[in-house]
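Accompanying notes for the structure given below.
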Amino acid sequence: MLEGKLIMSAPVTKSLEDLLDSMPQEMQRTYRRFKKASEVLTTEAEPEVGLTPKEVIWTKNKTKLYRYQPALPKKHRIPLLMVYALINKPYILDLAPGNSLIEYLVNRGFDVYLLDWGTPALEDRHMKLDDYIMDYIPRAVRKVLRTSGAEEISLLGYCMGGTMTSIFAALHPQLPIRNIIFMTSPFDFADAGLFTNWLDEKYFNLDKMVDTMGVVPPEMIDFGNKMLKPIVNFYGPYINLVDRAENENFVNGWKLMQKWVNDGIPFPGEAFRQWIREFYQHNKLLKGELYIRGRQVDLSNIKANVLNIAAERDHIAIPHQVEALMPIISSKDKTYMEMPTGHVSVCFGRQAINKTYPSVGDWLEQRSK
């Protein structure tokens, strides 16, 4: 009986192949695109990420401090510490060989370090921004200085990590911070686009949400970000995958990006409460009304050289939210740039490789001698 079934399947398969061969070329191409897209979504393995060689040189709780191992000798004496957000995972900065800001900077001779916050769980629900800014970042900075043997340090903060870095720098003017790079980091929350409406205290019960959940699930944060442009974010990736399924480079990049987008982490509840109330609802940072561990945050205390990068198509950190930092800081050497990218594509993709990477590398090289 089984043998009969196997024999019967042959003409069916053959007839399908004959049918495809008899179709117009455009229909055959459409079939191949849908077939490839379905394989990407159901059977193909996830890509490997974060492949630039590194070692862990310090840990605290779930946080790790990485030092990247260069293939070539270091050229610049001032080390660079990257500080990422409390949202998603930081391997977006080292997504894949040839598409990695970290790899690019390492290959240009910089001594690169990355602060990875790890994956919080329910036991971390009481973690506040105060803890990250006053305990974790200062210790990481001291460790980088000891490890590198340098007397000064450069910092790069991406997204919320840049906002946290600005607070850290303002509260620690005594530390030898030579350069700071902010990438798509919001500072002015008076007009945060749709977030301003969604997070309004009249409609959003922040305390009930945090008290109930303890930690905010990554799916909730991802959903909120995608709702800024729902058609583009929910359906766009899959339409693009089908349309460009025959382009191997596009498919590889698509898989990398979707892996990162869907690899979110929980947001510690008390830190989330601060982030929404103190920043989005009351805009205390720019007003000079923000207090961290009882100390007032004055952004004018920042005197390091500053490169402040915004993205023209950014709906998460709108350019005017980013640029608002410039007149407040006391830096004599300060530069504002807008990249022709979005919030994530500022550090991944063709425009990042051609625009962001060399802009960061050239600016930092001139100030790391």
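The values are calculated or read from the model by the stated rules, or taken from the named source; none is laboratory data. Model, not experiment: these values are computed from the prediction. Virtual Cβ from ideal backbone geometry, glycine too; neighbours counted across all protein chains shown. What goes into the accessible areas is simple: the full protein's heavy atoms, side chains included, and nothing from ligands, DNA or RNA. Shrake-Rupley method; radii C 1.70, N 1.55, O 1.52, S 1.80 Å.
Annotations
- Count of segment 281-294 residues which are touching a helix residue (DSSP H, G or I) at 6+ places or on another chain (Cβ under 6 Å) and not aliphatic (A, V, I, L, M): 2
- Of all residues making up segment 199-229, the number that are within 17 Å of the chain's Cα centre (by Cα) and β-branched (Val, Ile, Thr): 1
- Listed by position, the helices (runs of 4 or more DSSP H) enclosed by segment 275-369 that each have at least 2 residues that are open to solvent by 20 Å² or more (accessible area, probe 1.4 Å) and within 21 Å of residue 192 (Cβ to Cβ) are 284-287, 319-323.
- Looking across segment 230-263, the residues that are open to solvent by less than 80 Å² (accessible area, probe 1.4 Å), within 17 Å of the chain's Cα centre (by Cα) and modelled with pLDDT of 90 or more come down to 253, 254, 255, 256, 257, 258, 259, 260, 261, 263.
- Candidate set: segment 173-226, residues that are in contact (Cβ under 8 Å) with a residue 60 or more places away in the chain and β-branched (Val, Ile, Thr); chosen: the one most open to solvent (accessible area, probe 1.4 Å): 196
- One residue stands out in segment 192-227 among those that are assigned to a helix (DSSP H, G or I) and either in contact with a Leu (Cβ under 7 Å, 6 or more places away or on another chain) or of a type in the set (A, V, I, L, M) (or both): the one that is nearest to residue 86 (Cα to Cα), namely 221.
- Qualifying residue in segment 68-85 (condition: part of a strand (DSSP E or B), among the polar types (S, T, N, Q) and either farther than 30 Å from residue 273 by Cβ or touching a residue at least 12 places away in the same chain (Cβ under 8 Å) (or both)): no
- Scanning segment 117-167 for residues that are acidic (Asp, Glu) and assigned to a loop (DSSP other than H, G, I, E, B) yields 151, 152.
- Within segment 104-152, the set of residues being among the hydroxyl-bearing types (Ser, Thr, Tyr) and within 23 Å of the chain's Cα centre (by Cα) comprises 104, 113, 119, 132, 136.
- Candidate set from segment 9-35 (those that are modelled with pLDDT of 80 or more and open to solvent by less than 60 Å² (accessible area, probe 1.4 Å)); member that is farthest from residue 252 (Cα to Cα): 30
- The residues on offer are 109, 161, 157, and the sole one that is out of contact with any Pro (no Cβ under 6 Å at 6 or more places or on another chain), small (Gly, Ala, Ser) and either at positive phi or free of Cβ contacts under 8 Å to residues at least 40 places away in the same chain (or both) is 109.
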